[in-house]
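Okay, structure first, notes after.
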Amino acid sequence: MSVGILGTKLGMTQIFDEAGRAVPVTVVQAGPCPITQIKTKQTDGYTAIQVGFGSVKEKALTLPELGHLKKSETSPVRHLQEFRLEDVSEFELGHAITADRFSEGQLVDVSGTSMGRGFAGYQKRHNFKRGPMGHGSKNHRLPGSTGAGTTPGRVYPGKRMAGQMGNAQVTVRKLTVVKVDAERNLLLIKGAVPGKSGGLLTIHPATIVGKA
Amino acid sequence: MSAQDIIRSIEAEYYKKETPEIYVGDTVRVGVIIQEGNKERTQPYEGTVIAKRNGGISATITVRRIFQGIGVERVFLVHSPRIESIKVIRRGRVRRAKLYYLRDRVGKATRVKQRFDRKL
């Protein structure tokens, strides 16, 4: 996996490309992400870099957290995330990862926490059909059959049922970067990304299956 | 700078410098840029504005006209670069925000009364 960047979703809008087509875009405040730790084979058993994002007051962090950040001389950050890499020699402690790592037209994967819908029923969560609302029917939003009877005598695991919907990590793959504003650390990504505005996102170059 | 301000500043560079004030009921002439091979030309499209949707950069107008006896409705993104110009020809006096009732009418009944208190 290659190195990504942390960002905040700011919202969506629409811009026009050279051909005059309207392109829906999500505006992401991406980085700067200071490198807070470099993990190497000798010290940690694997290679990775850890980056921080989002400024907080010093009193919001614990002493161990502040001590950890002091090693890289970064100001207090809200989020820390690791990116596992094959080679960490190009990175240096305290240097920041910025939006200009990305280029226009590049494909990216965007991960975030999806909007929570709470405990949702069959129709909302799994798009089940609803029962008749009238003609004496009392079956309105029930699931129907959950499987056979005495044999097997149980409901198979994985049966789609009501439960928590959303508020889970979701990755949207292969979105196009439409525009990079390095000055203001903004990324314009075509299409929608998980979560509400203000949510934390991880953006990294797209993983193409079958390609290294 | 708040998130909303940043988004507005991104949109700002895509707005058209000047667009006429368009109301529902107006008769407009829209210059649509058409690409033929690698030649560009402007095709005028004239009709009545029967609806306005959205605001800001995504604002659209729906323009209806009768072409060869068949009703044609086209939706234009007001700020799209493919729209060369929009010109208001006639101001109309209507009492609805959406003139969908015009779809059920033919001939003389599709006329919209002209109003003179708004500037062209």
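Going 7 Å from the Cα of B:PHE67 toward and past its Cβ, which residues in segment B:14-40 have a backbone nitrogen under 19 Å from where you end up? Backbone N within reach: B:27-37, B:40. Exposure proxy for A:ASP181, B:ASP117: other Cβ atoms within 10 Å of each Cβ, ordered fewest to most, give B:ASP117, A:ASP181.
Candidate cross-link partners of A:LYS57 among the lysines, defined by an alpha-carbon separation under 19 Å and a same-chain spacing of 8 or more, comprise A:LYS70, A:LYS71.
When chain A is treated as a Gaussian network with alpha carbon springs shorter than 10 Å, the biggest mean-square fluctuation among A:ASN167, A:ASN185, A:ASN127 belongs to A:ASN127. Per residue of chain A, the DSSP helices (runs of n ≥ 4 H) give a summed -39500 (n - 2.57) that works out to -1500 deg cm²/dmol at 222 nm.
Multiplying the residue separation of A:LEU107 and A:LYS59 by 0.36 nm and removing their Cα-Cα distance gives an extension gain of 13.4 nm. Model label sites at A:HIS135 and A:VAL23, defined 7 Å from Cα along the beta-carbon direction, differ in position by 5.1 nm.
Bridgeable aspartates and glutamates around A:LYS39 (alpha carbons under 16 Å apart, same-chain partners fewer than 8 residues away excluded): A:GLU82, A:GLU86, A:ASP87, A:GLU90, A:GLU92.
Restricted to Cα atoms, segment B:45-120 shows a radius of gyration and a Dmax of 12.9, 35 angstrom.
Take each residue of peptide B:6-16, count the partner chain Cβ atoms within 10 Å of its Cβ, and average: the result is 4. The lysines within cross-link reach of B:LYS17, meaning a Cα-to-Cα straight distance under 28 Å and a gap of 8 or more places when in the same chain, are A:LYS179, A:LYS190, B:LYS39, B:LYS52, B:LYS87, B:LYS98, B:LYS119. Sparsely packed loop sites in segment B:22-120 (the chymotrypsin sites (Phe, Trp or Tyr not before Pro) outside DSSP H, G, I, E and B with at most 11 other Cβ atoms within 10 Å) comprise B:PHE116. Placing pseudo-labels 7 Å out from each Cα toward the beta carbon at A:THR151 and B:ARG90 gives an inter-label distance of 7.9 nm. Using the Cβ-Cβ distance between B:LYS16 and B:ASN38 with R0 set to 30 Å, the FRET efficiency works out to roughly 0.75. If you run the Gaussian network model on chain B, springs between alpha carbon atoms under 10 Å, then out of B:GLY69, B:GLY25, B:GLY92 the most flexible one is B:GLY69. For segment B:45-51, putting each phi into the Karplus relation 6.51 cos²θ - 1.76 cosθ + 1.60 with θ = phi - 60° gives couplings of 9, 10, x, 9, 6, 9, 7 Hz, in residue order, rounded to whole numbers and with x for Gly and Pro.
Using the alpha-carbon positions of segment B:1-73, Rg (one decimal) and Dmax (whole number) come out as 16.0, 53 Å. Sequentially through segment B:26-42, phi angles give Karplus couplings (6.51, -1.76, 1.60; θ = phi - 60°) of 6, 9, 10, 10, 9, x, 9, 7, 10, 9, 10, x, 10, 9, 10, 9, 9 Hz, Gly and Pro residues having no value and appearing as x. Axis of helix B:3-12 versus longest Cα principal axis of chain B: the two differ by about 70°, to the nearest ten degrees. The mean of 1/r over all distinct Cα pairs in chain A, once inverted, gives the Kirkwood hydrodynamic radius of 20.4 Å. How large is the Kirkwood hydrodynamic radius of segment B:15-55, in angstrom, based on all distinct alpha carbon pairs? That comes to 12.2 Å for segment B:15-55.
Using R₀ = 56 Å, calculate the FRET efficiency as 1/(1 + (r/R₀)^6) where r is the Cβ-Cβ separation of A:HIS95 and B:ALA97; round to 0.05. In this case the efficiency is close to 0.50.
Largest GNM mean-square fluctuation across A:VAL178, A:VAL88, A:VAL108, computed for chain A with C-alpha springs under 10 Å, falls on A:VAL88.
Every number in this text was worked out from the coordinates using simple rules, so none of it is lab data. Predicted model, so just to flag it, every value in this text is computed and none were measured. Here the Cβ is made from the backbone with ideal geometry for all residues, glycine too, and neighbour counts use every protein chain on show.
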